[in-house]
Amino acid sequence: KEDYAGYCKGMHLLVAEDNELNYEVVSELLDMYEITCDRADDGSVCVEKFCASKENAYDAILMDMQMPVLDGYQTTQAIRSSTHPQAQTIPIISLSADAFTEDIRRAYARGMNDHVTKPIVPEELFAAITRVLKTLN
């Protein structure tokens, strides 16, 4: 079994999630591995928080796909096209109930680095975080 704690401990993530209960579940899971997070409750808030953050403030972004104002695809595109120093490199992991191959391909095509299906299985979430971190190192 993979040692996710070794890769994930101490990270700080931006979680784009409009549903309060879903955010609470994700934040509790992250807390199990001593990962802290900030919440953005819609896509535009996510873009604002990321763009206003200092370089390396966030290690990755967990992106809900169905949010108000900007959906996950639009939010990712806005982040990737921003002038933030990490715009092209910040790992973005989609969180979606859409598990069809075409949905996952669309997420990758829009600039996301990995995909986790909702409802979230903890091992799948931490495996995705670990995969994107390993590709950066």
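The values are calculated or read from the model by the stated rules, or taken from the named source; none is laboratory data. All values reported here derive from a predicted model rather than from experimental measurement. Cβ sites come from the backbone with ideal geometry, for glycine too, and all protein chains shown count toward neighbours. Side chains are part of the model used for accessible areas, which takes the heavy atoms of the whole protein and leaves out ligands, DNA and RNA. Shrake-Rupley method; radii C 1.70, N 1.55, O 1.52, S 1.80 Å.
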Study note, to complete from the structure: Ordered by number, the GluC sites (Glu not before Pro) in region 38-128 that occupy a DSSP loop and have at most 12 other Cβ atoms within 10 Å are 55
Review point. Peptides 11-19, 82-90: what's the order by average Cβ count within 10 Å, highest mean first?
Key: 11-19, 82-90
Point to revise | Cβ-based net charge around residue 14, under 12 Å, with every Lys or Arg adding one and every Asp or Glu removing one | key: -4
Practice item. On the full set of protein chains, 1.4 Å probe, figure out the accessible area of residue 136 and give it in Å² to the nearest 10. Key: 100
Practice item. Mind listing the long-range amide H neighbours of residue 37? Cut-off is under 5 Å, sequence gap 5 or more, other chains count too, H placed in the peptide plane at 1.01 Å from N. Key: 13
Exercise for review: Could you tell me the accessible area of residue 130 in Å² (1.4 Å probe, neighbours in place), rounded to the nearest ten?
Suggested key: 0
Check your understanding: Just one of (1) 0.96; (2) 1.04; (3) 0.92 is Rg/Rh (Cα atoms, Kirkwood Rh) calculated from these coordinates, so which is it?
Key -> (3)
Study note, to complete from the structure: Spelling it out for residue 115: with amide H atoms placed in the peptide plane at 1.01 Å from N, the residues 5 or more places away or on another chain with amide H under 5 Å from its amide H are 94
Check your understanding: Which whole-Hz couplings ³J(HN,Hα) result when phi for each residue of region 36-44 is put into the Karplus expression 6.51 cos²θ - 1.76 cosθ + 1.60, θ = phi - 60°, listed in order with x for Gly and Pro?
Key -> 9, 8, 10, 10, 10, 8, 7, x, 5
Review point. For region 26-34, what does the Karplus curve 6.51 cos²θ - 1.76 cosθ + 1.60, with θ = phi - 60°, yield as ³J(HN,Hα) per residue in whole Hz, taken in order and with x for Gly and Pro?
Key: 4, 5, 5, 4, 5, 4, 4, 10, 6
**Study point:** Cut-off 9 Å between beta-carbons: net charge of the residues surrounding residue 58, Lys and Arg +1, Asp and Glu -1
**Key:** -1
Study note, to complete from the structure: Rounded to the nearest Å, the spacing of the alpha-carbon centers of region 1-56 and region 64-102 is 14
